[in-house]
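Notes follow once the structure below has been shown.
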Amino acid sequence: MAILESGTVVAVATPEGEGGLAVVRLSGPEALAVARRLLSAGALADPVDSHRARLALVRWPARADTGGPEPGTPLDQALVLPMLAPASYTGEDTVEFFCHGGLMPARQIAAACRAAGARGALPGEFTRRAFLNGRLSLVQAEAVAELIAAEHAAGARAALAQLTGGLNRQLAAVEGPLRDLLARIEGALEFSEEDAVGPSREDVATTLRAARRQIDDLLDLAPAGRLLRDGVQVVLVGAPNVGKSSLFNALLGADRALVDPEAGTTRDVVTAPLELDGVLFVLHDTAGLRDRAVGVEAKGVARTRETVAGADLVLALRPVTDRAQPAPALGDAPAGCPVLPVWTKGDLDPAATGMVTSSRTGQGIEALRRALLDHARAGGVAAAVARGVILNQRHQDRLLACRETIDQLLEDPGAGDEVAATLLAATLQELGAITGRVFTEQLLGEIFSRFCVGK
Ligand SMILES: Nc1nc2c(ncn2[C@@H]2O[C@H](COP(=O)(O)OP(=O)(O)OP(=O)(O)O)[C@@H](O)[C@H]2O)c(=O)[nH]1
Ligand SMILES: [Mg+2]
């Protein structure tokens with residue numbers, strides 16, 4: 001058995017620093033025995049009352065393997081919560097100590113557990129065990145990581161939906177009919193002498209086409225997954241002095257970027273997050289685009305172009321005072337990236353029409369915020385949240401591989417049952433790699449090493 005899957009492990013599960021509470025998590029076959037070494041007799045008496053917390057004094061163990069405080073030294077008074085296998089996060093016997101916040105109590109209790117025979121847990125080890133014990137799929141384990149990292153409500157909502165099985169369910173719906181089909185083909189191969197009839201070519205093609213449509217459907221949600229995770233990248237561009245930095249500040253409702261009457265004030269790209277209705281946007285204020293820029297200003301223009309190349313939405317700014325001014329040239333915008341024309345300094349021309357804003361009076365700022373949200377919704381963010389699907393690169397790569405083998409099968413309907421069975425098995429293998437039904441040690445390493453200790 002690999003070292004990671006054996007033994008009893010312990011870690012502080014809450015972040016370092018002052019807080020009302022801290023939690024120490026202890027999990028593994030010896031969890032109860034280790035915990036009993038820190039508690040007075042009877043605090044965790046057999047039979048253990050699973051999922052019932054009790055207040056207990058936690059002490060340094062009497063028979064500590066290593067140095068440390070005097071045996072029996074009180075460490076903290078804590079709520080001790082035993083959770084017996086398999087009804088715990090990891091699927092193993094687990095004991096959680098809810099102790100006083102701050103650094104020392106939790107650290108000392110974790111150290112006491114180690115002194116009593118547990119090993120310090122590695123990053124993600126609890127979740128890894130949960131996966132290996134069938135408590136969650138790989139997709140759900142990844143969702144746990146996303147949930148911890150989520151910095152805005154929509155991302156957290158999507159991660160939670162994924163955690164409760166959104167993508168799992170949709171993958172199962174793709175897998176089921178393919179698995180049936182494979183069983184029928186294999187059955188026919190096995191009993192060919194007895195004239196067992198396998199599925200007809202039409203049957204095969206219909207099932208494959210349906211699976212392909214479902215996979216395409218999921219892949220359509222991929223861009224939304226990125227928008228939810230990283231935020232919608234909104235880049236403000238325009239000629240020098242059109243009011244980019246002022247609008248940037250007005251949208252944020254904060255004085256983040258320097259504003260000055262002189263043209264060429266902004267040199268570096270200034271970036272700030274903006275959360276609207278639970279959706280994260282990342283605003284980028286850029287240096288004014290000017291063809292004849294030299295020196296530092298030219299460097300700023302180069303940065304602007306790089307930023308535009310990563311945009312999900314470009315706001316092309318022009319002042320109402322100069323409606324003849326040509327729209328900024330956006331040769332660098334990604335293909336298909338929407339460009340929203342926005343008029344600035346609206347207060348200087350009350351007759352102006354269109355998406356007119358004024359950073360001075362606040363005119364049009366709310367409308368522009370709404371336009372940003374509409375854009376995110378059009379990008380499928382709402383659909384992804386509703387379906388509980390956030391695809392990461394790994395999921396996408398595997399789904400694309402599935403689609404390829406399905407296409408191979410569809411293109412060659414006369415290939416014979418042997419070939420069909422092999423390709424179907426390969427497709428199911430790829431699907432299984434997403435949920436973790438099929439996994440490698442390396443894949444687990446990649447996924448769980450990104451977690452924090454204690455999760
Ligand atoms: N009347 C009026 N003036 C504005 C408005 N927005 C910006 N200005 C003025 O326009 C000038 C330039 O504003 P900035 O926000 O620095 O413009 P910018 O596009 O970031 O300029 P650079 O960074 O130099 O390219 C400043 O003097 C602002 O006070 C507005 O809505 N109304
Ligand atoms: Mg500026």
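The values are calculated or read from the model by the stated rules, or taken from the named source; none is laboratory data. None of the values given here were measured: they were computed from a predicted structure. With ideal geometry, Cβ positions are generated from the backbone for all residues, glycine too; neighbour counts draw on all protein chains shown. The area values use the complete protein model at the heavy-atom level, side chains included, leaving out ligands, DNA and RNA. Shrake-Rupley method; radii C 1.70, N 1.55, O 1.52, S 1.80 Å.
Highlighted here are the helices (runs of 4 or more DSSP H) found entirely within segment 180-261 that include at least 3 residues which are in contact with a helix residue (DSSP H, G or I) (Cβ under 9 Å, 6 or more places away or on another chain) and away from ligand 1 (no atom under 13 Å from the Cβ): 201-219, 222-230.
Which of the residues belonging to segment 290-310 are open to solvent by less than 30 Å² (accessible area, probe 1.4 Å) and part of a helix (DSSP H, G or I)? Correct list: GLY300, VAL301, THR304, THR307, VAL308.
Quick check on segment 317-330: of everything there that is open to solvent by less than 80 Å² (accessible area, probe 1.4 Å) and in a loop (DSSP other than H, G, I, E, B), which residue is farthest from ALA287 (Cα to Cα)? In this case the residue turns out to be GLN325.
Considering segment 223-261, the residues that are open to solvent by less than 30 Å² (accessible area, probe 1.4 Å), in contact (Cβ under 8 Å) with a residue 60 or more places away in the chain and within 10 Å of ligand 2 (Cβ to nearest atom) include one that is nearest to ASP291 (Cα to Cα), namely GLY238.
Under the condition of being of a type outside the set (Lys, Arg), in contact (Cβ under 8 Å) with a residue 12 or more places away in the chain and in a helix (DSSP H, G or I), the residues counted in segment 107-152 number 24.
Looking only at residues in segment 262-289 that are near ligand 1 (Cβ under 7 Å from one of its atoms) and open to solvent by less than 20 Å² (accessible area, probe 1.4 Å), the one that is farthest from THR304 (Cα to Cα) is GLY264. Output yes when any residue across segment 153-162 is in a loop (DSSP other than H, G, I, E, B), open to solvent by less than 30 Å² (accessible area, probe 1.4 Å) and not β-branched (Val, Ile, Thr), and no when none is. The answer is no; no qualifying residue exists. Do we have PRO105 as touching a Ser or Thr at 6+ places or on another chain (Cβ under 7 Å), within 20 Å of THR14 (Cβ to Cβ) and at pLDDT 90 or above here? Considered against the rule, which asks whether it is touching a Ser or Thr at 6+ places or on another chain (Cβ under 7 Å), within 20 Å of THR14 (Cβ to Cβ) and at pLDDT 90 or above, PRO105 comes out as no.
Of these, GLY17, GLY28, GLY68, which one is crowded, with 19+ Cβ neighbours inside 10 Å, at positive phi and of a type in the set (Gly, Ala, Ser)?
That would be GLY28, the only listed residue that is crowded, with 19+ Cβ neighbours inside 10 Å, at positive phi and of a type in the set (Gly, Ala, Ser).
Looking across segment 262-277 at every residue that is touching a helix residue (DSSP H, G or I) at 6+ places or on another chain (Cβ under 8 Å) and over 20 Å from ALA376 (Cα atoms), the one that is nearest to ligand 2 (Cβ to nearest atom) is identified as THR266.
Within segment 296-310, the presence of a residue that is in contact with a Gly (Cβ under 6 Å, 6 or more places away or on another chain), away from ligand 1 (no atom under 14 Å from the Cβ) and not assigned by TED's automatic domain parsing to the domain that holds ALA156 is excluded.
Filtering THR90, THR14 for residues that are part of a loop (DSSP other than H, G, I, E, B), at pLDDT 95 or above and closer than 28 Å to LEU444 by Cα leaves a single hit, THR90.
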